[in-house]
Amino acid sequence: MTGNGDSTDTRASSRVTRRTLLKAAGATALTAGVVTATAPSAAADAGPFDAIVVGAGYAGGTVARELTARGMKVLVLEARDRIGGRIEPGTLAGQHVELGGGWFGPGQNLVARELSRYSLTTREDIHTTRMVMPGVGGGFQSHSPQEAGARLNTLFADFYAGSERYFERPYEPLHRKDLLASVDSLSLADRISQLHLSGVDHDWVSGATSVFAGGNRFGSLTGMAQWYQLAGGTYDQFLSVMSLLPEGGMISVLERMLAESGATVSLNSPVTAIRERGGLTQVEVSGGRVYKAPVVVVATPVNMWSTLTFEPGLPQVYADAAREGVGVPHATKLWLRVRGTSEAVSAQAPEGAPILLLIPQAQLPDGRLFVAFTGPSLNVSDPAAVRAAVRGLLPEARVVDYRAKEWHKDPYARGGWGLRRPGQLLRQLPRIQEPFGRVVFAGGDTASGWHGAFVEGALESGFRAADQAAAIAG
Ligand SMILES: Cc1cc2nc3c(=O)[nH]c(=O)nc-3n(C[C@H](O)[C@H](O)[C@H](O)COP(=O)(O)OP(=O)(O)OC[C@H]3O[C@@H](n4cnc5c(N)ncnc54)[C@H](O)[C@@H]3O)c2cc1C
């Protein structure tokens with residue numbers, strides 16, 4: 001068995017090969033979905049620019065396309081040697097796998113609109129035929145998907161009771177600010193203790209919430225309750241946000257957005273400082289090169305803001321968000337190639353377990369691919385530990401290969417998907433969506449609707465930030 005601990009923290013930036021200048025013409029580039037990527041040395045020659053975008057994830061890509069559509073000349077500075085950020089395609093057993101975001105769901109209209117714009121098709125993910133769930137005495141028990149689904153619906157109706165009132169308009173999370181005051185300070189762990197659940201019910205709920213929060217004490221009740229209401233207000237509907245996959249992978253829309261934009265995309269260009277001087281922003285990248293434009297859009301994860309020098313310094317509310325973070329503190333996605341079973345079985349375990357969620361993926365001639373989300377107790381660099389963790393849920397399964405991505409160790413994410421911390425909605429959200437001088441902030445972590453864990457929110461934030469940047473640039 002070979003394990004592949006794919007932690008980006010082991011990838012030294014000096015070893016990254018700089019991409020050569022690709023000279024794809026606009027129309028060709030759009031058809032093929034190819035991004036015109038420029039070496040940092042060439043980007044300076046392409047100026048002057050009307051706007052600089054920091055980060056080539058979905059938020060940055062949206063801003064770039066929307067600003068160039070208004071006739072603005074845009075430079076995108078991306079720290080990595082690839083676009084996509086927390087969307088990262090990979091392969092295992094010859095199959096396309098998503099190391100970051102991959103799914104979307106029926107109510108996510110911005111994603112659907114982009115897929116349609118670029119004539120991209122989608123497919124439904126594999127349907128689960130059996131669910132392994134926590135049982136009495138710390139063991140596990142099999143259920144039909146219908147039986148487990150009904151029990152989860154009931155448990156989460158209690159868990160999120162009241163959210164239909166305090167998120168009466170889930171796309172306007174502060175509409176019932178008056179009702180939020182009593183709940184926004186609660187963590188998921190606080191809510192679980194309020195409910196005095198029986199042992200098994202506790203285990204069903206704690207694993208299902210912990211997997212989204214990187215630990216129940218970190219995630220806010222209102223963060224997840226808002227997703228629940230955005231999805232329609234039942235647990236079934238919430239799970240359906242993980243039901244659809246774009247053909248060609250989640251990256252395919254972003255490739256086309258950036259190609260359509262014609263923006264100059266400079267890879268291997270980590271921004272270190274943003275200074276406002278005499279009506280311009282000066283954006284410095286590692287190595288000292290400085291680019292100038294009337295406006296800059298910071299489209300990095302919130303967890304990255306504290307690594308940037310801002311002059312003048314950011315006001316307290318942005319600094320607080322950066323210090324507390326929005327990206328969850330533990331987010332490991334583990335792809336497994338398994339023999340010994342080809343059944344489309346899924347499994348869920350209580351908080352603290354090595355694997356919290358296991359989802360069946362493509363069937364293989366000799367078994368199946370599974371994708372798992374792990375807890376901090378599993379060391380994914382240890383193949384024996386990974387094998388034992390899988391056997392604990394599926395005793396018949398034999399792991400023959402795996403690939404893991406630990407996002408909390410990624411130097412340009414410093415966290416996983418976003419989930420607001422307790423209190424952040426009321427203390428920070430409206431303010432961190434506002435520009436600070438000539439600096440505008442984008443990113444899924446700052447979205448009003450599908451915040452944090454969804455490409456839908458990154459798109460939403462990108463459209464909002466593009467309007468703000470265009471207004472500042474005049
Ligand atoms: C494991 C995992 C699973 C997920 N699953 C799903 C899913 O199934 N469905 C879904 O919709 N969403 C999912 N998400 C969330 C989704 O991936 C994100 O919400 C979305 O990609 C965020 O886009 P963004 O542009 O805001 O940020 P990012 O994608 O993080 O993009 C920010 C960019 O900024 C760059 N950057 C950072 N610092 C600097 C710097 N100093 N200088 C220059 N560039 C910099 C980064 O390299 C990155 O490219 C998942 C996320 C993770 C981690």
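Quick check on packing: order 332-345, 48-61 by the mean number of other C-beta atoms within 10 Å, highest mean leading.
48-61, 332-345
Which peptide among 110-123, 396-409, 440-453 comes first, and what is the full order, when sorted by highest mean count of other Cβ atoms within 10 Å?
440-453, 396-409, 110-123
Residues of the stretch 406-428 with amide nitrogen under 20 Å from the 7 Å Cα-to-Cβ point of Glu172?
From the stretch 406-428, the list is 425-428.
May I ask for the equivalent-ellipsoid semi-axes of the stretch 323-474, computed as the square root of five times each C-alpha gyration tensor eigenvalue and listed largest first in whole Å?
In descending order the semi-axes read 39, 16, 13 Å.
To the nearest Å, what is the center-to-center distance of the stretch 304-335 and the stretch 390-451, using C-alpha atoms only?
Cα centroid of the stretch 304-335 versus Cα centroid of the stretch 390-451: 11 Å apart.
Would you mind working out the magnitude of the charge dipole of the chain relative to its Cα centre, with +1 at each Lys and Arg C-beta and -1 at each Asp and Glu C-beta, to the nearest 20 Debye?
It comes to approximately 1000 debye.
Quick one: what does P(r) look like for the stretch 253-330 with 10 Å bins over all Cα pairs, in whole %?
It works out to 16, 42, 34, 9, 0, in whole percents.
Taking amide hydrogens as modeled 1.01 Å from N in the peptide plane, which residues meet the under 5 Å criterion relative to Ala273, leaving out close sequence neighbours?
Sorted by chain and number, the residues that satisfy this are Glu284, Thr309.
Each residue of the stretch 114-127 in turn: what ³J(HN,Hα) in whole Hz from Karplus with 6.51, -1.76, 1.60 and θ = phi - 60°, glycine and Pro shown as x?
5, 4, 5, 4, 9, 6, 9, 9, 10, 9, 7, 6, 4, 8
Among 156-162, 419-425, what's the highest-first ranking by average C-beta atoms within 10 angstrom per residue?
Order by mean packing, descending: 419-425, 156-162.
Let me see the P(r) profile for the stretch 257-393: every Cα-Cα distance counted, bins of 5 Å, each bin given as a percent of all pairs.
Using 5 Å bins, I get a P(r) of 2, 8, 13, 13, 10, 9, 9, 10, 11, 8, 4, 2, 0, 0 for the stretch 257-393.
May I ask you to evaluate 6.51 cos²θ - 1.76 cosθ + 1.60, the Karplus curve with θ = phi - 60°, for each residue of the stretch 366-383 and list the ³J(HN,Hα) values in order in whole Hz, giving x for glycine and proline?
Karplus-based 3J(HN,Hα) across the stretch 366-383 equals 10, x, 7, 8, 10, 10, 10, 10, 9, x, x, 6, 9, 8, 6, 7, 10, x Hz.
Could you work out the relative contact order of the stretch 186-318, using alpha carbon pairs under 8 angstrom and six or more residues apart, expressed as a whole percent?
It rounds to 14 percent for the stretch 186-318.
Please turn the phi angles of the stretch 288-294 into ³J(HN,Hα) values with the Karplus equation 6.51 cos²θ - 1.76 cosθ + 1.60 (θ = phi - 60°), one per residue in order, whole Hz, x for glycine and proline.
So the Karplus estimates, Gly and Pro as x, are x, 4, 10, 10, 10, 6, x Hz.
I need the per residue convex hull volume for the chain, using only the alpha carbons, in cubic angstrom as a whole number.
134
Mind listing the long-range amide H neighbours of Ala37? Cut-off is under 5 Å, sequence gap 5 or more, other chains count too, H placed in the peptide plane at 1.01 Å from N.
Leu22
Amide H of Val53 versus every other amide H placed in the peptide plane: which residues, excluding those fewer than 5 positions away on the same chain, fall under 5 Å?
Those lying under 5 Å, H to H, from Val53 are Leu75, Val76, Leu77, Val297.
Every read-out reported here was derived from the displayed coordinates using simple, explicitly stated rules and does not represent laboratory data. Keep in mind the model is a prediction, meaning the values are calculated, not measured. Don't worry about glycine lacking a Cβ; one is built from the backbone with ideal geometry, like all the others, and counts go over all protein chains shown.
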